[in-house]
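First comes the structure, then the notes that go with it.
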Amino acid sequence: MKQLTDADICEMIGVEYAPDDVQTRRDVRAELHMSTRIPNATPPVPNHAVLDLHQYTEEQAWDAIMELAKSGVRTANIITGASGILRQKFPQWATESLLSPYIIEFKPINNGSFAVKFARKKMD
């Protein structure tokens, strides 16, 4: 956590700040709730993810796959189910849609899921 200077505190509270002692500094920092003002570092993106699309509508599945592709994950197993529209739609989306620039390659694992390798950089 960043050590706050007196100037940082002045800027945050908007008035001149001159602490008398160490205890006063601690009290001011506690009152400012420093733990809520300094955000935690973002967690690292995992290299592999599993996305199960059972019970998803086409729109929900599209949104979930796009979110996964933009997340920075490198590989994923996308489970569409052996029957249904998502099993047919995913290969089309991966090759002929806005999703295609995010996907380097995909291949069927079995009759209801695909192994997908995503592009290294995030695209917006």
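The set of residues in the stretch 53-70 that are surrounded by 14 or more Cβ atoms within 10 Å (Cβ to Cβ) and outside any helix (DSSP H, G or I) comprises Leu53, Tyr56. Identify the single condition in (1) surrounded by 12 or more Cβ atoms within 10 Å (Cβ to Cβ); (2) more than 14 Å from Ile103 (Cβ to Cβ); (3) touching a Ser or Thr at 6+ places or on another chain (Cβ under 9 Å) that Asn77 does not satisfy, given that it satisfies every other one. Unmet for Asn77, out of (1) surrounded by 12 or more Cβ atoms within 10 Å (Cβ to Cβ); (2) more than 14 Å from Ile103 (Cβ to Cβ); (3) touching a Ser or Thr at 6+ places or on another chain (Cβ under 9 Å): (2). Candidates are the residues of the stretch 1-32 that are under 38 Å from the mean Cα position of the chain (by Cα) and not in a helix (DSSP H, G or I); the one that is modelled with the lowest pLDDT is Met1. On inspection, Ile85 does not qualify as among the hydrophobic types (A, V, I, L, M, F, W, C) and modelled with pLDDT of 95 or more.
The values are calculated or read from the model by the stated rules, or taken from the named source; none is laboratory data. Remember, it's a predicted structure, so these values are computed and weren't measured experimentally. With ideal geometry, Cβ positions are generated from the backbone for all residues, glycine too; neighbour counts draw on all protein chains shown.
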